Amino acid sequence: MIKYILKNENLKFITVFFIFIAIFSITIFSLAVLVDPYNIFGLNIFRPILLTNRSEKMRLLREAETKPEAIILGSSRVFKMDPIKIEKMINLKTFNASVSYARPEDHLALAKYIVKDLKITPKIFIVGLNAGEFNNDKIDSQTINNPDLRKYLEINKKTRILTLLSIFKERFNAIYLRDIFVTIFWNSHGFPNPVITFDKNGGEIFDKNKHPDPNAAIITENLAYDLFKNLDELSPKRKIYFEKFLEFAKENNIEVGVVILPISPQVIKNISETTNYKKLSEELFFQMEEWANKFGIRIFNFSSVEKFDGIENDFDDSTHPSHLNIDLMTEKILKELSL
Amino acid sequence: MIFNSYIFIFLFLPLTLFGFWFLRSKNSRYLWITAASFIFYGYWNYKFIYLLLLSTAISFFSAKIIIKSNSQKKKKLFLILSIICNLILLGFFKYFNFGVSAFQNIFDLFRWNVSLSTLNLIIPVGISFYTFQSISYAIDVYRGNVPAINNFLKFSAYTSFFPKLTAGPIARVKDMNSDLENINRICEPTLIRTGISIFVIGLFKKVIIADSIANLVNPLWADYASLGFASAWIAVLGYTYQLYFDFSGYSDMAIGLGRMLGFNLPQNFNSPYKAVNISDFWQRWHITLSSWLRDYLYIPLGGSRRGVSQTYINLFITMLLGGLWHGANWTFVIWGAYNGALLAAYRAYRIYYDKLPLLFQRFNTFLLVAVGWTFFRSPNFSVAANLLKKMFNFKMIIEPVKIDYLNISLLLLFCILATNFLPNTFEWRYSTKPRFAAALAMMAVLALIFMNYKQNVFLYYQF
């Protein structure tokens with residue numbers, strides 16, 4: 001058979017073609033798993049190139065000299081919520097435990113980790129979120145790969161592997177391929193200065209005199225679109241996670257203040273035409289009211305800038321309010337909380 | 001289904017090839033190809049399979065009557081019937097709403113109180129291609145250029161042949177008849193080898209080159225109002241290359257697939273951006289459509305046989321209708337008229353034009369074609385006019401928008417070099433050397449990874 005193939009140059013060509021397809025595929029797949037630029041598989045052979053702030057925030061919490069009494073949860077959209085400002089106004093030691101791409105399951109897992117593992121029972125959780133965080137995205141691989149968080153989400157091994165593989169399938173593209181080499185290069189030549197750094201209290205360190213580009217929101221409109229695309233209703237799974245989080249907080253007598261965060265007004269206008277943004281935002285508000293009745297949580301609906309007298313075009317990008325807008329929201333929340 | 005999808009590459013294609021070469025008899029292979037093609041087509045929307053069947057049946061039975069009848073009148077009647085039926089199918093789905101809107105505009109202009117309503121129609125994929133094939137078959141049988149096909153299975157394998165079904169090449173019966181007749185041939189490894197080679201090159205052109213250009217220039221087109229001089233040119237030049245690599249990539253894949261099944265589909269592109277004049281361009285771009293328009297429209301209109309001014313009119317009409325064939329939108333009509341005018345102008349002044357330096361001729365032709373694509377890509381006339389204004393407004397040199405100059409310049413440079421200096425698919429010598437197989441495998445793996453970003457539909461699917 002092999003002799004026959006080797007004699008016929010066409011058959012030899014076809015065989016070589018498929019052998020090389022196999023070789024290249026296996027090589028690239030192995031590199032993708034071992035280098036793991038986005039920390040999907042959690043092998044940690046190479047330092048990943050994206051923000052892995054779950055572990056960092058958890059470490060900062062563990063190392064905190066004084067146990068925080070107020071804890072901020074949420075995604076990167078509340079990175080700039082200032083713990084010192086909150087401390088000054090309500091006289092509670094505050095920690096910003098917000099993490100990138102946080103979803104309701106992260107709030108539940110972090111809250112349980114804080115209370116059960118770190119033995120910290122804060123007086124209040126301030127949670128920043130928006131309807132987009134109740135989308136159908138997969139659970140973040142950083143959450144699944146973190147054993148201290150994973151254990152609180154009741155994810156079995158099979159689901160864990162399947163979720164990681166499906167995240168890999170979604171993300172494995174040309175950019176991933178490029179980032180394999182970027183990861184290797186940065187690991188061997190040193191990483192550039194981190195884009196985002198955190199203070200001991202979990203708050204983001206940034207230049208307060210720097211103001212966002214007025215076009216930033218429009219340029220990054222796709223970020224907002226991606227949160228809402230193909231979404232007809234709030235994810236039932238994520239609603240369950242959030243309800244479990246509220247139940248847990250109630251059991252431990254922790255007050256919860258939910259801040260519904262805004263996205264840029266220019267972007268709202270555009271994505272309202274291409275997604276179910278308005279319907280989903282209403283659904284979230286009604287759901288929050290229901291939870292407010294059930295669990296006694298406080299809701300701060302700042303889904304649009306007018307609701308907190310915010311600055312219309314002051315957004316770092318389409319979904320991230322600037323520090324000025326975050327400060328305005330914080331002041332409104334604290335005024336009501338201290339009342 | 002599209003060629004650059006995992007379901008096509010990993011499931012549909014291997015199964016189709018295996019079944020095809022496993023079966024031996026002619027009829028079983030005709031049936032297999034027809035069934036596979038219907039699945040390929042129905043995967044997009046199974047409800048439209050009946051249209052394909054209807055178009056096939058109309059042409060098959062009309063041709064049978066044409067060939068059997070002794071009466072010239074009857075032959076002509078059935079030819080006209082076949083053409084009209086196919087045009088009704090095409091016209092209804094593709095042009096009904098366009099026609100209604102046009103009439104409504106006229107009524108509104110004259111302030112006549114008439115209100116017409118449009119229908120919620122979906123344009124069936126590939127309808128422009130398979131109706132044109134059916135029409136050409138009936139005409140060719142009537143003219144005696146090809147024999148009528150007596151086997152319905154054979155004819156439906158021809159009309160529905162999936163590699164060319166949705167976006168061409170527009171293969172006529174004369175192009176495929178001998179391969180259809182010899183469909184029961186044994187599988188030759190050389191066919192599979194060249195088929196794979198051409199398919200992979202086409203996939204690479206589409207997924208890696210055309211889609212990468214699209215990712216860079218689509219945001220510019222979306223934000224056309226903020227563009228300046230340079231960004232407007234980048235948007236137009238980017239689209240010029242995107243369209244070429246997208247469509248020629250698709251054609252290569254279709255030709256490669258045809259080869260794997262033992263069919264030699266006709267060449268559709270012959271390095272069009274190497275053209276030295278507009279007439280040359282149209283002999284190199286979408287060759288199967290150009291030759292269809294020439295044989296079934298331009299020549300019947302009189303071609304160049306009825307005097308100089310009639311020739312210009314014929315050229316203009318042919319290109320105008322060719323433009324309209326691409327889509328029910330005034331921008332396509334303008335694009336067609338623009339090309340018709342260029343062809344007529346070239347014909348009038350070619351004795352002077354042909355004496356100009358070749359490099360200038362080539363550059364000039366490319367620019368004229370690129371300007372034409374502005375209408376082709378724009379959703380309406382005002383977008384095209386806005387962009388053209390910016391392209392020729394030298395006061396707008398300072399760019400208002402941020403552009404990824406490095407990536408786009410590298411990509412455009414690659415495109416310029418590739419389209420001007422590399423051989424095209426039909427000029428390329430497909431080596432049997434293992435190192436070529438390895439290079440091709442690398443291209444295939446890269447294309448499969450790039451595909452995961454977004455399986456972009458081919459630009460010509462919309463026509």
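So which residues in the range B:186-200 are part of a helix (DSSP H, G or I), open to solvent by 10 Å² or more (accessible area, probe 1.4 Å), touching a residue at least 12 places away in the same chain (Cβ under 8 Å) and not hydrophobic (A, V, I, L, M, F, W, C), if there are any at all?
Result: B:Arg193, B:Thr194.
If a residue has to be touching a helix residue (DSSP H, G or I) at 6+ places or on another chain (Cβ under 7 Å) and surrounded by fewer than 19 Cβ atoms within 10 Å (Cβ to Cβ) to count, how many in the range A:253-282 make the cut?
Residues flagged as touching a helix residue (DSSP H, G or I) at 6+ places or on another chain (Cβ under 7 Å) and surrounded by fewer than 19 Cβ atoms within 10 Å (Cβ to Cβ) within the range A:253-282 amount to 7.
Taking the range A:87-109 on its own, how many of its residues are open to solvent by less than 10 Å² (accessible area, probe 1.4 Å), assigned to a helix (DSSP H, G or I) and either out of contact with any Lys or Arg (no Cβ under 8 Å at 6 or more places or on another chain) or not hydrophobic (A, V, I, L, M, F, W, C) (or both)? Give the derivation first.
Going residue by residue through the range A:87-109, those that are open to solvent by less than 10 Å² (accessible area, probe 1.4 Å) are A:94-100, A:102, A:104-109.
Filter once more, so that each one left must be assigned to a helix (DSSP H, G or I): A:104-109.
If we keep only those that are either out of contact with any Lys or Arg (no Cβ under 8 Å at 6 or more places or on another chain) or not hydrophobic (A, V, I, L, M, F, W, C) (or both) too, we end up with A:104-107.
Matching residues across the range A:87-109 total 4.
Please work out which residue is farthest from the other protein chains (Cβ to nearest Cβ), limiting yourself to the range A:1-35 and to residues that are farther than 20 Å from A:Leu165 by Cβ, among the aliphatic types (A, V, I, L, M) and open to solvent by less than 50 Å² (accessible area, probe 1.4 Å).
The residue in question is A:Ile5.
Return the residues of the range B:273-285 that are of a type outside the set (Gly, Ala, Ser) and closer than 15 Å to B:Leu359 by Cα; say none if nothing qualifies.
Within the range B:273-285, B:Tyr273, B:Lys274, B:Val276, B:Asn277, B:Ile278, B:Asp280, B:Phe281 qualify.
Just to be sure, is A:Leu223 open to solvent by less than 30 Å² (accessible area, probe 1.4 Å) and not in a loop (DSSP other than H, G, I, E, B)?
Taking the combined requirement at face value, the residue does not satisfy it.
A quick yes/no check of all residues on (1) acidic (Asp, Glu); (2) open to solvent by less than 50 Å² (accessible area, probe 1.4 Å); (3) part of a helix (DSSP H, G or I):
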position	(1), (2), (3)
B:Ser248	no, yes, yes
B:Leu257	no, yes, yes
B:Pro266	no, yes, no
B:Arg347	no, no, yes
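Give the number of residues within the range B:45-65 that are within 24 Å of the chain's Cα centre (by Cα), of a type outside the set (A, V, I, L, M, F, W, C) and surrounded by 17 or more Cβ atoms within 10 Å (Cβ to Cβ).
Residues flagged as within 24 Å of the chain's Cα centre (by Cα), of a type outside the set (A, V, I, L, M, F, W, C) and surrounded by 17 or more Cβ atoms within 10 Å (Cβ to Cβ) within the range B:45-65 amount to 3.
Just name the residue that is nearest to the other protein chains (Cβ to nearest Cβ) out of those in the range B:397-419 that are over 20 Å from B:Gly202 (Cα atoms) and either part of a helix (DSSP H, G or I) or at pLDDT 90 or above (or both).
Going through the qualifying residues, I end up with B:Asn407.
For the range A:174-224, how many residues meet the condition of being farther than 30 Å from A:Pro83 by Cα, touching a helix residue (DSSP H, G or I) at 6+ places or on another chain (Cβ under 6 Å) and modelled with pLDDT under 90?
The number of residues fulfilling the criteria is 1.
A:Lys250 is checked against (1) open to solvent by 80 Å² or more (accessible area, probe 1.4 Å); (2) in contact with a Phe, Trp or Tyr (Cβ under 8 Å, 6 or more places away or on another chain); (3) within 14 Å of chain B (Cβ to nearest Cβ) and fails just one. What number does that condition carry?
(3)
Might you check whether a residue that is assigned to a helix (DSSP H, G or I), at pLDDT below 90 and over 30 Å from B:Phe450 (Cα atoms) occurs anywhere in the range B:109-130?
Residues of the range B:109-130 assigned to a helix (DSSP H, G or I): B:109, B:127-130.
Narrowing the set further to residues that are at pLDDT below 90 leaves B:109, B:127-130.
Then drop every residue that is not over 30 Å from B:Phe450 (Cα atoms), which leaves B:109, B:130.
Checked against the condition, which is being assigned to a helix (DSSP H, G or I), at pLDDT below 90 and over 30 Å from B:Phe450 (Cα atoms), the range B:109-130 yields at least one hit.
What is the residue count in the range B:98-128 for residues that are open to solvent by 100 Å² or more (accessible area, probe 1.4 Å) and within 31 Å of the chain's Cα centre (by Cα)?
Count: 2.
Would you check if B:Thr311 is farther than 18 Å from B:Trp373 by Cα, open to solvent by less than 30 Å² (accessible area, probe 1.4 Å) and either among the polar types (S, T, N, Q) or in contact (Cβ under 8 Å) with a residue 40 or more places away in the chain (or both)?
Yes; evaluated as a whole, the condition is true for this residue.
Given the conditions (1) farther than 16 Å from B:Leu13 by Cβ; (2) away from chain A (no Cβ under 14 Å); (3) in contact with a helix residue (DSSP H, G or I) (Cβ under 8 Å, 6 or more places away or on another chain), and given that B:Ile213 satisfies all but one, which numbered condition is not satisfied?
It fails just one condition, (2).
So if I check each of A:Met288, A:Met329, which one is touching a Phe, Trp or Tyr at 6+ places or on another chain (Cβ under 7 Å), open to solvent by less than 20 Å² (accessible area, probe 1.4 Å) and among the aliphatic types (A, V, I, L, M)?
A:Met329
Report, by residue number, each residue of the range B:160-185 that is part of a helix (DSSP H, G or I) and buried (at least 24 other Cβ atoms within 10 Å of the Cβ). It would help to see each step written out before you state the result.
Of the range B:160-185, the ones part of a helix (DSSP H, G or I) are B:160, B:162-165, B:173-181.
B:Ser160, B:Phe162, B:Pro163, B:Lys164, listed by residue number.
Can you name the condition, by its number, that B:Pro300 falls short on among (1) over 18 Å from the mean Cα position of the chain (by Cα); (2) crowded, with 23+ Cβ neighbours inside 10 Å; (3) within 22 Å of B:Ile83 (Cβ to Cβ)?
Unmet for B:Pro300, out of (1) over 18 Å from the mean Cα position of the chain (by Cα); (2) crowded, with 23+ Cβ neighbours inside 10 Å; (3) within 22 Å of B:Ile83 (Cβ to Cβ): (2).
Kindly evaluate B:Phe316 against the criterion of being open to solvent by 10 Å² or more (accessible area, probe 1.4 Å) and either in contact with a Phe, Trp or Tyr (Cβ under 8 Å, 6 or more places away or on another chain) or more than 24 Å from B:Phe98 (Cβ to Cβ) (or both).
No: the conditions fail for B:Phe316.
Looking at the range A:228-339, what helices (runs of 4 or more DSSP H) fall wholly within it and have at least 1 residues that are within 24 Å of A:His107 (Cα to Cα)?
Of the helices (runs of 4 or more DSSP H) lying wholly inside the range A:228-339, those with at least 1 residues that are within 24 Å of A:His107 (Cα to Cα) span A:236-251, A:277-295, A:323-338.
Cβ-Cβ under 9 Å, sequence separation 6+ or interchain: first residue in the range A:307-320 and in contact (Cβ under 8 Å) with a residue 24 or more places away in the chain and over 10 Å from A:Pro212 (Cβ atoms), partner part of a loop (DSSP other than H, G, I, E, B) and among the β-branched types (Val, Ile, Thr). Which pairs?
What qualifies is A:Ser318/A:Thr220; A:Ser318/A:Ile263; A:Thr319/A:Thr220; A:Thr319/A:Ile263.
Taking the condition within 14 Å of chain B (Cβ to nearest Cβ) and on the phi < 0 side of the Ramachandran plot, does A:Ser55 pass?
When the stated conditions are applied, A:Ser55 does not pass them.
Based on this model, can you work out whether B:Gly144 counts as open to solvent by 10 Å² or more (accessible area, probe 1.4 Å) and more than 13 Å from every other protein chain (Cβ to nearest Cβ)?
On the way: open to solvent by 10 Å² or more (accessible area, probe 1.4 Å): yes; more than 13 Å from every other protein chain (Cβ to nearest Cβ): yes.
Here the answer is yes, as B:Gly144 does meet what is asked.
Residues of the range B:420-444 being facing chain A (nearest Cβ under 7 Å), assigned to a helix (DSSP H, G or I) and surrounded by fewer than 21 Cβ atoms within 10 Å (Cβ to Cβ), which ones? Break it down stepwise before answering.
If we filter the range B:420-444 for residues that are facing chain A (nearest Cβ under 7 Å), which is where we start, we get B:432, B:434, B:437-438, B:440-442, B:444.
After this cut, where a residue has to be assigned to a helix (DSSP H, G or I) as well, the list is B:434, B:437-438, B:440-442, B:444.
Scanning the range B:420-444 gives B:Pro434, B:Ala438, B:Met442.
Given the criterion in contact (Cβ under 8 Å) with a residue 60 or more places away in the chain and outside any loop (DSSP other than H, G, I, E, B), identify the matching residue among A:Ile84, A:Ile49.
Sole residue among the options that is in contact (Cβ under 8 Å) with a residue 60 or more places away in the chain and outside any loop (DSSP other than H, G, I, E, B): A:Ile84.
Is at least one residue of the range A:263-270 among the polar types (S, T, N, Q) and modelled with pLDDT of 90 or more?
Looking for residues that are among the polar types (S, T, N, Q) and modelled with pLDDT of 90 or more, one finds none in the range A:263-270, hence no.
The values are calculated or read from the model by the stated rules, or taken from the named source; none is laboratory data. This structure is a prediction, so every number in the text was calculated from the model and none was measured. Please note: Cβ atoms are built from the backbone with ideal geometry, for glycine as well, and neighbour counts cover all protein chains shown. Just so you know, the surface numbers come from the protein's heavy atoms only, side chains and all, with ligands and any DNA or RNA stripped out. Shrake-Rupley method; radii C 1.70, N 1.55, O 1.52, S 1.80 Å.
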